[in-house]
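Read the structure below first, then the notes.
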Amino acid sequence: MAREPYAFPGTVAAVSHQPEPVIIAHRGASALRPEHTLPSYETAIALGADYIEPDLVPTRDHVLVARHENEISGTTDVASHPEFADRRTTKIIDGVAVTGWFTEDFTLAELRTLRAVERIPALRPGNAAFDGLARIPTFEEVVELARRHGVGVYPETKHPTYFASIGLPLEKPLLEVLARHGWRDRDDPVFIQSFEPANLRELRGVTRLPLIQLVAGSGAPYDRMVTPGGLAEVATYADGIGVATSRVVPTGPDGRLLAPTTLVRDAHEAGLDVHVWTVRDENAHLPADFRLGDPASPAYPRATGDVAGWLAMLYELGVDGVFADNPGTARAVAAAVRRRGRSVRS
């Protein structure tokens, strides 16, 4: 039997848009393995993810690979390779100066000599045990893995305007890989996401695959996108929005949750799915309401909080999907909510 969402002041019940929320493995099972590696994606699949999420950047020879950013010093051992020392440089990426090593300066064969490392070892020391074991996967390998195991893919085009400006556009090779594996229609298990509306508008003209407009937690042009008028505009080129959780349930200055917004309802009324990012296990990444343990403890930031309670709240507010660093927890909470006789849709 369905019940109302959490009764915060001003809460407006969401409109059901999908029968069940989709579980999106954020960079794979990144809570448990170094992100954007085949072991991370394999672990996510084993834990019940519906989709695995590769962020895509190109190599110099125009092969798409899975990295959160094109600058790779924090996610690979490139700094320990003296043969690549002279490739360290500073670039302007989307208006920001970034120093390090960049995928577009390496061929795929050169990237294959590197190994992945944990990006945030202070919070995830257990993941550092896997440092050096995995290579940087190509998008092709990620899709092949997904196809073998019957799950979907949820690629993000990273910095598409920048890459187009240097002659390495992402759209054509992205769609070619998907088409080679038979994924080209709107009913196929693929979502393509981007923060750049122009990139999604371009894709809308050349593919029927579902598109997701990513929406940051603050700032232009995203503040406009979450208004009813902005959502109606997004619906002309995208099938859903991927929003920071703070757009659904804001937090106050003390880190505690405020009343939910009407965004889920408004997006559903515009015909858009709502996928939220990112649910992580650690206290450092949770709203203050769901942190557990002694704040004075040195281990407090990396300790696991009440992530299950946070997920249950999001489900009951009617979201259509969740990006989770631990997809096993996200799957288990959805199942538990159902077993209690409560709808995960509002």
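The values are calculated or read from the model by the stated rules, or taken from the named source; none is laboratory data. Since this is a predicted model, take the numbers as computed values, not measurements. Ideal geometry is used to build each Cβ from the backbone, glycine not excepted, and the neighbour counts take in all protein chains shown.
Remarks
- For residue 128: the one exception among (1) within 19 Å of the chain's Cα centre (by Cα); (2) within 30 Å of residue 301 (Cβ to Cβ): (1)
- Tallying residues that are outside any helix (DSSP H, G or I) and under 16 Å from the mean Cα position of the chain (by Cα) within the stretch 256-285 yields 9.
- The residue of the stretch 65-120 that is surrounded by the fewest Cβ atoms within 10 Å (Cβ to Cβ), among those that are under 29 Å from residue 176 (Cα atoms) and hydroxyl-bearing (Ser, Thr, Tyr), is 107.
- Residue 236 part of a strand (DSSP E or B) and either touching a Leu at 6+ places or on another chain (Cβ under 6 Å) or surrounded by fewer than 23 Cβ atoms within 10 Å (Cβ to Cβ) (or both): no
- Members of the stretch 224-263 that are of a type in the set (Val, Ile, Thr) and within 24 Å of residue 199 (Cα to Cα): 226, 227, 234, 236, 241, 243, 245
- Residue match in the stretch 78-88 (condition: closer than 23 Å to residue 150 by Cα and at pLDDT 95 or above): no
- Test result for residue 169, surrounded by 18 or more Cβ atoms within 10 Å (Cβ to Cβ) and either at pLDDT 95 or above or not in a loop (DSSP other than H, G, I, E, B) (or both): yes
- Scanning the stretch 292-300 finds no residues that are in a loop (DSSP other than H, G, I, E, B), among the charged types (D, E, K, R) and within 21 Å of the chain's Cα centre (by Cα).
- For residue 176, the conditions (1) free of Cβ contacts under 8 Å to residues at least 60 places away in the same chain; (2) not in a helix (DSSP H, G or I) all hold with the exception of (2).
- If you go through the stretch 307-316 and keep only what is at pLDDT 95 or above, of a type outside the set (Gly, Ala, Ser) and in contact with a Phe, Trp or Tyr (Cβ under 8 Å, 6 or more places away or on another chain), you end up with 307, 310, 313.
- Selection count where residues are assigned to a loop (DSSP other than H, G, I, E, B) and more than 16 Å from the chain's Cα centre (by Cα), scope the stretch 131-159: 8
- When the test is whether a residue is within 18 Å of the chain's Cα centre (by Cα) and acidic (Asp, Glu), residue 202 does not pass it.
- One residue stands out in the stretch 317-346 among those that are part of a loop (DSSP other than H, G, I, E, B) and β-branched (Val, Ile, Thr): the one that is modelled with the lowest pLDDT, namely 344.
- Looking across 28, 48, one residue alone is of a type outside the set (Val, Ile, Thr) and in contact (Cβ under 8 Å) with a residue 40 or more places away in the chain. It is 48.
- The stretch 78-108, residues that are among the small types (Gly, Ala, Ser), assigned to a helix (DSSP H, G or I) and either in contact (Cβ under 8 Å) with a residue 24 or more places away in the chain or touching a Ser or Thr at 6+ places or on another chain (Cβ under 7 Å) (or both): 79
- Comparison of 39, 54, 34, 125 shows that the only residue that is surrounded by fewer than 24 Cβ atoms within 10 Å (Cβ to Cβ), within 25 Å of residue 143 (Cα to Cα) and at pLDDT 95 or above is 39.
- Those residues of the stretch 239-255 which are assigned to a strand (DSSP E or B) and either over 22 Å from the mean Cα position of the chain (by Cα) or crowded, with 16+ Cβ neighbours inside 10 Å (or both), in sequence order: 240, 241, 242, 243, 244
- Restricting attention to the stretch 205-233, the residues being outside any loop (DSSP other than H, G, I, E, B), buried (at least 19 other Cβ atoms within 10 Å of the Cβ) and hydrophobic (A, V, I, L, M, F, W, C) number 6.
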